[in-house]
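Take a look at the structure below.
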């Protein structure tokens, strides 16, 4: 992960912890595999917790300018992967955004 996108190193929300510098997402200390693009989407949403983030901002943050991709499909897929049922059924459509709104930045 490129640490230049994220001034905060760690975000905590609910039982989750996202480490921006390493691109790691953990649930109760257990690492959850999340690919690069979904993590970049999650990272921007966490950095802007409580704010409106447009699809265009997500596109600009995740996909380089000269990338040709069916953006709506790619973004929807990234969001589905963030919400995916992994080791625990904790992230779901309604609770994810609520938890991110209450995300805390760890200054370490």
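Values computed for the structure shown
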{"item": "Close pairs (9 angstrom Cβ cut-off, 6 or more residues apart or separate chains): at positive phi in region 27-56, in a loop (DSSP other than H, G, I, E, B) and modelled with pLDDT of 90 or more anywhere", "result": "none"}
{"item": "Residues located in region 49-87, provided they are crowded, with 16+ Cβ neighbours inside 10 Å and either part of a loop (DSSP other than H, G, I, E, B) or in contact with a strand residue (DSSP E or B) (Cβ under 6 Å, 6 or more places away or on another chain) (or both)", "result": "49, 63, 86"}
{"item": "Among (1) touching a helix residue (DSSP H, G or I) at 6+ places or on another chain (Cβ under 6 Å); (2) in a helix (DSSP H, G or I); (3) at pLDDT below 85 - the single one residue 95 does not satisfy", "result": "(1)"}
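The values are calculated or read from the model by the stated rules, or taken from the named source; none is laboratory data. Note that the coordinates shown come from a computational prediction; the quantities given were computed from them, not determined experimentally. Note: ideal-geometry Cβ built from the backbone for every residue, glycine included; neighbour counts use all protein chains shown.
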